[in-house]
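Below: the structure, in structure tokens.
The values are calculated or read from the model by the stated rules, or taken from the named source; none is laboratory data. Given the structure is predicted, the values throughout are model-derived calculations rather than measurements. Methodologically, a virtual Cβ is constructed for each residue, glycine included, from the backbone with ideal geometry; neighbour enumeration extends over all protein chains shown.
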Amino acid sequence: MCGIVGYLGDKQAFDILIKGLHRLEYRGYDSAGVALVDSQGNLNVYKTKGKVSSLEDYCKDKDTTGTVGIAHTRWATHGEPNDKNAHPHYSQSKNLAIIHNGIIENYLSLKTFLQKEGYQFQSDTDTEVLVQLIDYIKTQHNLSLYDAVHQALSQVIGAYAIGVLEKNNPNVLVAARKSSPLIIGIGEGEYFLGSDASPIIEYTNKVVYINDEEVVKIERGANMEIRNLKNVVLQPKVHELSLNLDDIEKGGFEHFMLKEIFEQPKSLSLCMNGRLHRDLGEIRLSGILDYGDKFERASRIIITACGTSWHAGLIGKYLFETFCRIPVEVEVASEFRYRNPVIQRGDVLIAISQSGETADTLAAMELAKKQGAFVYGICNVVGSSVARLTDSGTYTHAGPEIGVASTKAFTTQVAVLTMTALALAKRMNKITDEDYKRIIDEFATIGDKIQTILNNRDYIKEISKIFTYAKNFIYLGRGFNYPVAMEGALKLKEISYIHAEGYPAAEMKHGPIALIDEEMPIVVVAPHYAMYSKILSNVQEVKARKGKVIAVVTEGDVDIKKLADYTIEVPQTEECLSPLLTVIPLQLLSYYIAVAKGRDVDQPRNLAKSVTVE
Ligand code: F6R
């Protein structure tokens, strides 16, 4: 949801800002802009509808000099994506420029007030209201920018990560955060601002994570200052990033999504590293070692998340209930947070989030925490808001996921849930030693098995070309593979714009079967486990209505192969581990269909990677 970047130092800012915007483009890409103060003291704002590359074209004949600047790539909330609504926004006096990620909820009342004070507005955005408010407070009370931003934010309700630049003071940049991520990078005589570390990592690995309701002043030749909205002065805590540049580049792949699909053997190995000990036949997870009693005593586990992370949570339900015999409820965070859920002291809430910044997931966690639940996080981004809000948790260590469609984050989330459920079952004596050791042994081979599926990419690519005609898809699965069917459908719709629905296979008879005709592709996730004969019957029902079946089956399958139009094999594995394999062909299928349809795979329309607004 919008990417913000800033620079203050002795280098020319423009190229640094543009590079940073490209790295943050996954967060939103309907318009982009930059503001710079040049050496004559002009505050120049350039912005345009479209992607960062359009901004670069637009700026070709402009004066882009200046050693201080802010820049923004937008995912529209207030006002359609066009030139005038793009950020940065000037204040009326053109003395200030602002970039903003988030939503100012009380912008209408503030706008009415400012209009009465003679302010006129050029855009439909809430952001312009904020910069005018800062300008108003600054001039009325003759304050420094730092103080004016501080005062203005105490009148604001909503979410923000902002950067503010002042024409008459090019030595200072002011930034602030509430509920939207913000990081400051500290280099040699220079500072960087970013929504995440990706625009910063090339220049410095020293960063300060800004917390909610903190306002920051960075100044040429001075130490940064932080003050919270209660006026408490805070000491910046400097962290060292372990990210490296290769992690955030395409590495020869055509798209980030394909790179990330192919990275899964490696990301799973990083995720299991130091946790899954094949030699000892043991899983050691610090969360369960330190807080296992909380899980053991819980009368139920609640899992909450959004989108793909919610699908991982649905698999978590099968895992915890199968192995630990603890009842599990899984709910999308946006529903959970608003339905006044019954949460009891002692409940365990597991929140799952790749970005760690999803607004609804964070709100659900806060609610559960307030009501006495133990909050456990499964999260990819180190130092993110989810990571900081939890009582304990496990990082997935998938590495940066830049493609908007989530792939390696999903498999690592499922891997963490699997390790957690198995470690807990062992602690609770709910699993036999034999089963525990056998599954661990098998788990350790899962990366190699994924690699064999990836090696079959050309076949999946061929099948994909056949189905570009389709307007709808149905995905079916049962048990552990029902959430995989839902995830396959989500992947397809978000990057190819083909409508797709995932169903528990037996549910088909209760409605969706009416859709089946000779045009309709049905993807059936049908590996060979206890429910095989049932799903075989479901395939027969589809074929009887002339649907086109693409089946994901276990190597050596005979019966479904006879019926299906196309089959994609995955290696044999333990049933509880099968989602880690069956999801791979579905990721590739949706990727290749989207590519064949000429879609923008890494930046699909209307989407953004990190959903920091509700
Ligand atoms: C789909 C996708 C989204 C995210 C969802 C939650 O490919 O990426 O559905 O899974 O927005 O995001 P996180 O996991 O960052 O909380």
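I'd like the residue in segment 356-402 that is assigned to a strand (DSSP E or B) and within 12 Å of the ligand (Cβ to nearest atom) and, out of all such residues, is surrounded by the fewest Cβ atoms within 10 Å (Cβ to Cβ).
377
Out of 456, 472, 481, I need the residue that is crowded, with 23+ Cβ neighbours inside 10 Å, touching a residue at least 12 places away in the same chain (Cβ under 8 Å), polar (S, T, N, Q) and touching a strand residue (DSSP E or B) at 6+ places or on another chain (Cβ under 9 Å). Which one?
That would be 481, the only listed residue that is crowded, with 23+ Cβ neighbours inside 10 Å, touching a residue at least 12 places away in the same chain (Cβ under 8 Å), polar (S, T, N, Q) and touching a strand residue (DSSP E or B) at 6+ places or on another chain (Cβ under 9 Å).
Quick grid of which residues meet (1) more than 21 Å from residue 409 (Cα to Cα); (2) surrounded by fewer than 19 Cβ atoms within 10 Å (Cβ to Cβ); (3) within 16 Å of the ligand (Cβ to nearest atom); (4) free of Cβ contacts under 8 Å to residues at least 60 places away in the same chain:
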| site | (1), (2), (3), (4) |
| --- | --- |
| 322 | yes, yes, no, no |
| 329 | yes, yes, no, yes |
| 333 | no, no, yes, yes |
| 340 | yes, yes, no, yes |
| 345 | yes, yes, no, yes |
| 351 | no, no, yes, yes |
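Of all residues in segment 537-553, which are outside any loop (DSSP other than H, G, I, E, B) and either of a type in the set (D, E, K, R) or under 20 Å from residue 489 (Cα atoms) (or both)?
Of everything in segment 537-553, those that are outside any loop (DSSP other than H, G, I, E, B) and either of a type in the set (D, E, K, R) or under 20 Å from residue 489 (Cα atoms) (or both) turn out to be 538, 539, 541, 542, 543, 548, 549, 550, 551, 552, 553.
I'm checking my understanding of the structure. Among residues of segment 53-76 that are at pLDDT below 95 and surrounded by 19 or more Cβ atoms within 10 Å (Cβ to Cβ), which one is nearest to the chain's Cα centre (by Cα)?
75
For residue 147, are the conditions met, namely being modelled with pLDDT under 95, more than 26 Å from the chain's Cα centre (by Cα) and not small (Gly, Ala, Ser)?
no
Residue 163 - would you say it is in contact (Cβ under 8 Å) with a residue 12 or more places away in the chain and surrounded by 24 or more Cβ atoms within 10 Å (Cβ to Cβ)?
Yes.
Tell me which helices (runs of 4 or more DSSP H) are completely within segment 443-500 and hold 3 or more residues being under 30 Å from residue 513 (Cα atoms), or say none if there are none.
Filter on segment 443-500 gives 457-466, 482-496.
Out of everything in segment 488-509 that is more than 11 Å from the ligand (Cβ to nearest atom) and farther than 17 Å from residue 551 by Cβ, what residue ends up being modelled with the lowest pLDDT?
509
Starting from segment 245-264, take each residue that is touching a residue at least 24 places away in the same chain (Cβ under 8 Å) and list its partners that are loosely packed, with under 15 Cβ neighbours inside 10 Å and of a type outside the set (Lys, Arg), counting only C-beta distances under 7 angstrom and pairs at least six apart or across chains.
Short answer, once both residue conditions are applied: 259/251.
From 213, 225, 188, which residue is surrounded by fewer than 19 Cβ atoms within 10 Å (Cβ to Cβ) and closer than 24 Å to residue 613 by Cα?
The match here is 213.
Write out, first by first residue and then by second, each pair whose Cβ atoms fall under 9 Å of each other, whose residues are 6+ apart or on separate chains, and whose first residue, in segment 290-317, is within 15 Å of residue 364 (Cα to Cα) while the second is away from the ligand (no atom under 13 Å from the Cβ) and among the small types (Gly, Ala, Ser).
Within 9 Å, the pairs are 301/316; 302/368; 302/373; 303/316; 304/368.
Would you mind telling me which numbered condition in (1) surrounded by fewer than 24 Cβ atoms within 10 Å (Cβ to Cβ); (2) touching a residue at least 24 places away in the same chain (Cβ under 8 Å) residue 100 fails?
(1)
If I ask for residues that are crowded, with 20+ Cβ neighbours inside 10 Å and either more than 14 Å from the ligand (Cβ to nearest atom) or not in a loop (DSSP other than H, G, I, E, B) (or both), which ones from segment 586-614 would you list?
Residues satisfying the conditions are 586, 587, 588, 589, 590, 591, 592, 593, 594, 595.
What are the residues in segment 541-557 that are surrounded by fewer than 20 Cβ atoms within 10 Å (Cβ to Cβ), modelled with pLDDT under 95 and at negative phi, if any?
541, 543, 544, 545
Working only within segment 565-585, note down all residues that are crowded, with 24+ Cβ neighbours inside 10 Å and in a strand (DSSP E or B).
570, the sole residue that qualifies.
State yes or no: is residue 53 over 17 Å from residue 122 (Cβ atoms) and free of Cβ contacts under 8 Å to residues at least 12 places away in the same chain?
yes
From 170, 199, which residue is assigned to a loop (DSSP other than H, G, I, E, B) and closer than 17 Å to residue 24 by Cα?
Just one listed residue meets the conditions, 199.
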